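No lab work stands behind these numbers, since they all come straight from the coordinates. Every value quoted in this text rests on a predicted model; they were computed, and no experiment measured them. All Cβ positions, glycine included, derive from the backbone under ideal geometry; neighbour counts span all protein chains shown.
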Amino acid sequence: MLEAVKTASTVLGSFREMAPDASDLAVIAARIEATLARELTDEQFVTAIVGQVSADGSKVELLNRGHPPPLLVDGAGPRLLETAAGGLPLGLAQLADAPDQPAVIEIGPGDRMLFYTDGVSEAAAGPVSSSRSPTAAPSAGRANPTRSWTRSAPTC
């Protein structure tokens, strides 16, 4: 357990150090990879989603590194963002055939995007997949198992 906390701290520290100076998600992921290469063994890895919101708030760019895809809740209802399905986890980039490409998701006022840990999806009757209804996401009804982001309508 302490090893997982140390690894999470390494990833977050690396991200916080470089994110303000790098706008390209692939560059950020590559720098985190370089940090992890010094810290992890060949059998360790970390799943993550690196993202950024456009200046006008109408798009979210996501680079998924082995993490469960986020859930988008909009006027059409909840759905998994399969377009943000992941590449290889951080720490395993050397095994990839090609660099990961970020997904760009259009979002509207009031849309909510839910990110959750893979432990949440595995804890409730197996992982959430596109074959199960996204409304059955295991985060429903639990106390703060996810962090959500909501785009608000601009005010004048």
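Taking a ≥ b ≥ c as the square roots of the eigenvalues of the Cα gyration tensor of region 20-94, is the shape rounded (a/c under 1.5), prolate (a/b larger than b/c) or oblate?
On the way: a/c = 3.69, a/b = 1.60, b/c = 2.31.
Oblate shape, in that a/c is at least 1.5 and b/c is the bigger or equal ratio.
Give, as ranges by residue number, the residues of region 41-81 whose backbone N falls under 13 Å from the point 7 Å along Cα→Cβ of E106.
58-60
To the nearest 0.05, how large is the calculated FRET efficiency for D24 and E3 if R₀ is 41 Å and r is the Cβ-Cβ distance?
Approximately 0.85, to the nearest 0.05.
Kindly list the residues of region 19-54 that lie in the label zone of D74, defined by a backbone N under 19 Å from the point 7 Å along the Cα-to-C-beta vector.
51-54, by backbone N distance to the label point.
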